[in-house]
Structure formats: structure tokens, C-alpha cells
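*Asks:* A single structure is presented below for examination.
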Amino acid sequence: MIDDSNNSPRQPTHDTPPDEATAGVGDDGLITVRSGLPVPDTIERLAATVVSRGMQVFARIDHAGQAAGVGLALRPTELLIFGNPSGGTPLMQDKQTAGLDLPLKALAWEDADGAVWLTYNDPAWLARRHGLGAGSRAAVAAMSAMSAAVARPGAQDQDRARDTGARAKSR
């Protein structure tokens, strides 16, 4: 049961999307950034960025499409599974349980207000979760930098949309 009695910011969920104060890494190891694109375009842009950086896209799952296939409604929600065996294998050599969280995953989802978000696991949090040793530090740091870099294009689109809107209002 969640205790909301303290006034600390709540971590984003599908019911409570992040705002400027709560976006970032939560205690649950999730990093959430806002996208300025619809869910399918966010995932497409992410997939293109992943491939351009030498990684593989292993799967793309349209959760909303799958839900519709069984007669259930779900706001747009898509998962991209991606990575590079040369980056993930050393983590599994350190602790095989890291394979539970590899390859990397990113979820694009639309909240109840129509805003689109991209959420992914913080690689440093995954390292703590699996008790990875010092030998994995460089790989985890590289994964953290890569995750932030591939997630950034959607956030940049949000910044551009906000800037364009501000310029239009000032005219």
C-alpha cells in the first residue's frame, strides 16, 4: 500500500505522469522523459537512434495493439527492446541475474492527458539491483551514457515544440 501522507513528490506512473519536479530517476530505478512526438513516432525515433549507434533492436511490442486484439482498451503504449551483446554480456558474466534486465528496454506511453513519456531503467540502478562488481563499472557507465543519449531525441522534440509554441504566442 502506498503512503501518500508525506508531501514528497510521487514517482511517475501511468496514473500520475511526471512533471518538471518529478521527472528523472526514482527510487524504483526508472527514468522518465517527456516526448514531443506521438508514441509510435517516439519508438520509431528511438529505434533509429539505437541502430545508428551500433545496437540491435530485438523487439518492438505494441501493448495497445495487443490489448485491442483481445477487446481491451489501453492508451498508446509501445515497448522497444534493444542492446548490444558486447555491452550486456560482461554484466551477465559478472552476475548472470543481470540477464533478467537485459537487453535494455524503453517504454513509450501516453498518459490520460495525452502527453507522451519515454521510460527506461537506469543502468546504475540495475547494477545495484544485481550487485554487479567493480569489473562492470565501465560497462554500466557506458550503458548509462548510451541510454541517456538514445532517449534524448524525443525530449529535444518536446523542447522544440515548447520553443515553437512560445515564439508563436509572442507574435
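The values are calculated or read from the model by the stated rules, or taken from the named source; none is laboratory data. As the structure is a computational prediction, the values presented were derived from the model and not from experiment. Glycine also receives a Cβ, built like all others from the backbone with ideal geometry; neighbour counts cover every protein chain displayed.
*Asks:* Would you confirm whether or not region 61-77 contains a residue that is of a type outside the set (Ser, Thr, Tyr), closer than 28 Å to Gly133 by Cβ, at pLDDT 95 or above and surrounded by 14 or more Cβ atoms within 10 Å (Cβ to Cβ)?
*Replies:* So far as region 61-77 goes, no, none of its residues is of a type outside the set (Ser, Thr, Tyr), closer than 28 Å to Gly133 by Cβ, at pLDDT 95 or above and surrounded by 14 or more Cβ atoms within 10 Å (Cβ to Cβ).
*Asks:* So which residues in region 78-120 are modelled with pLDDT of 95 or more, polar (S, T, N, Q) and crowded, with 16+ Cβ neighbours inside 10 Å?
*Replies:* Thr119
*Asks:* I'm told Arg75 meets every condition in (1) touching a residue at least 24 places away in the same chain (Cβ under 8 Å); (2) in contact with a strand residue (DSSP E or B) (Cβ under 6 Å, 6 or more places away or on another chain); (3) not in a loop (DSSP other than H, G, I, E, B) except one. Can you identify the failing condition by its number?
*Replies:* Going through the list (1) touching a residue at least 24 places away in the same chain (Cβ under 8 Å); (2) in contact with a strand residue (DSSP E or B) (Cβ under 6 Å, 6 or more places away or on another chain); (3) not in a loop (DSSP other than H, G, I, E, B), Arg75 breaks only (3).
*Asks:* Here's something else I'd like to know. In region 95-143, what residues are over 14 Å from the mean Cα position of the chain (by Cα), among the small types (Gly, Ala, Ser) and outside any helix (DSSP H, G or I)?
*Replies:* Those that are over 14 Å from the mean Cα position of the chain (by Cα), among the small types (Gly, Ala, Ser) and outside any helix (DSSP H, G or I): Ala112, Gly114, Ala115, Gly131, Gly133.
*Asks:* Ok, one more. Of the conditions (1) touching a Phe, Trp or Tyr at 6+ places or on another chain (Cβ under 6 Å); (2) assigned to a helix (DSSP H, G or I), Met92 satisfies every one except a single condition; which number is it?
*Replies:* (1)
*Asks:* Just wondering, is there one or more residues in region 16-24 that are surrounded by fewer than 19 Cβ atoms within 10 Å (Cβ to Cβ) and in contact (Cβ under 8 Å) with a residue 24 or more places away in the chain?
*Replies:* Scanning region 16-24, I find no residue that is surrounded by fewer than 19 Cβ atoms within 10 Å (Cβ to Cβ) and in contact (Cβ under 8 Å) with a residue 24 or more places away in the chain, so the answer is no.
*Asks:* Here's another thing I want to ask about it. For region 41-58, state whether one or more residues are in a strand (DSSP E or B) and either of a type in the set (Phe, Trp, Tyr) or under 14 Å from the mean Cα position of the chain (by Cα) (or both).
*Replies:* yes
*Asks:* With the checklist (1) out of contact with any Lys or Arg (no Cβ under 8 Å at 6 or more places or on another chain); (2) more than 24 Å from Ala124 (Cβ to Cβ); (3) of a type in the set (A, V, I, L, M, F, W, C); (4) not in a loop (DSSP other than H, G, I, E, B) in hand, flag the one item Ala64 doesn't pass.
*Replies:* (1)
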